[in-house]
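Heads up: the structure comes next, in structure tokens.
The values are calculated or read from the model by the stated rules, or taken from the named source; none is laboratory data. Because the structure is predicted, anything quoted here is derived from the model rather than measured. All Cβ positions, glycine included, derive from the backbone under ideal geometry; neighbour counts span all protein chains shown.
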Amino acid sequence: MAVNDDALLTEQMAYYRARAPEYDRVYAEREDLRELLTVVDDLPIAGDVLELACGTGQWTGALAARAHSVTAVDASPEVLGIARARTASADVRFERVDVFNWQPPRRYDTVFFAFWLSHVPPSRLSGFWNTVAAALAPHGRAVFIDEGPAAAAREDVAGEVRRLEDGSEYRIVKVFHDPEQLTGELTELGWSADIRTREEFFVGIAEPRSATFA
């Protein structure tokens, strides 16, 4: 990986640690995000679930309602503290993990991540999906949600520089994946994917092809 990506990922992590107290405000302010949370009810969330980049736990409770257990991981101790306070289920375990430097110690029936794929540098995309594959049990599925190209026009998501309320600025990774192009990229990486647009978001379900046709 290029040194620039290393520096960018370090700054991105610093941004989300600093943003933790502000993070949930976007859900309070945007009805479309609150409505999107209900999509979990229609997704194949089952068994033991691994949630990558769980953030403040906005999605964790909904996952726990569908799952046998949830292991929710994030690199930021600040957001994990908020997520723990939000989620009271005994079937949820939180762990501090840097997904870019981690191998899952076990396999799960479902790997879920919301608004995380857009923060993966293109140079890390293949490695990230290898990590997801390593975390899946046979016939397990990856389920993911993110912003598509239509979201790029919004002022609060455009660009790679983000500003917090105290005026501090951070560079982050932000890739607005086109669902059709992403489907093709996943096919090349050995996945079978169904990615559908929902307004300016997309919802994807993917399986390693070896598992799909086993």
Inset, instruction - Just give me the residues in the range 64-86 being polar (S, T, N, Q), surrounded by 20 or more Cβ atoms within 10 Å (Cβ to Cβ) and farther than 16 Å from Tyr16 by Cβ, in sequence order. - result: Thr71
Inset, instruction - May I ask you to verify whether Gln58 is surrounded by 21 or more Cβ atoms within 10 Å (Cβ to Cβ) and either closer than 26 Å to Ala206 by Cβ or modelled with pLDDT under 95 (or both)? - result: yes
Inset, instruction - From (1) more than 15 Å from the chain's Cα centre (by Cα); (2) free of Cβ contacts under 8 Å to residues at least 60 places away in the same chain; (3) assigned to a loop (DSSP other than H, G, I, E, B), pick out the condition that doesn't hold for Thr56. - result: (1)
Legend entry - Residue list for the range 132-147, restricted to those being of a type outside the set (Asp, Glu) and within 13 Å of the chain's Cα centre (by Cα): Val132, Ala142, Val143, Phe144, Ile145
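Suppose we keep only residues that are crowded, with 17+ Cβ neighbours inside 10 Å and not small (Gly, Ala, Ser) within the range 132-145. Which one would you say is nearest to Leu43 (Cα to Cα)? It would help to see each step written out before you state the result.
Here is the first cut: in the range 132-145, the ones crowded, with 17+ Cβ neighbours inside 10 Å are 132-133, 135-136, 140-145.
From the residues that got through so far, the ones that are not small (Gly, Ala, Ser) too are 132, 136, 141, 143-145.
Values: Val132: 18, Leu136: 16, Arg141: 11, Val143: 8, Phe144: 10, Ile145: 11 Å.
Looking at the filtered set, the residue picked out is Val143.
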Inset, instruction - Name every residue in the range 157-214 that is assigned to a helix (DSSP H, G or I), closer than 19 Å to Ala114 by Cα and either among the aliphatic types (A, V, I, L, M) or modelled with pLDDT under 95 (or both), in order of residue number. - result: Leu182, Leu186
Legend entry - Candidate set from the range 98-131 (those that are more than 15 Å from Val49 (Cβ to Cβ) and among the β-branched types (Val, Ile, Thr)); member that is surrounded by the most Cβ atoms within 10 Å (Cβ to Cβ): Val120
Inset, instruction - Please specify each residue of the range 1-55 satisfying the condition of being under 20 Å from Glu147 (Cβ atoms) and basic (Lys, Arg). - result: Arg19, Arg25, Arg30, Arg34
Inset, instruction - Taking Val173 as meeting all but one of (1) farther than 28 Å from Asp32 by Cα; (2) buried (at least 16 other Cβ atoms within 10 Å of the Cβ); (3) touching a Pro at 6+ places or on another chain (Cβ under 8 Å), write down the number of the exception. - result: (1)
Legend entry - Pairs with Cβ under 6 Å, 6+ apart, first in the range 190-202 and over 9 Å from Gly148 (Cβ atoms), second modelled with pLDDT under 95: Gly190/Arg209; Ser192/Arg209; Ser192/Thr212
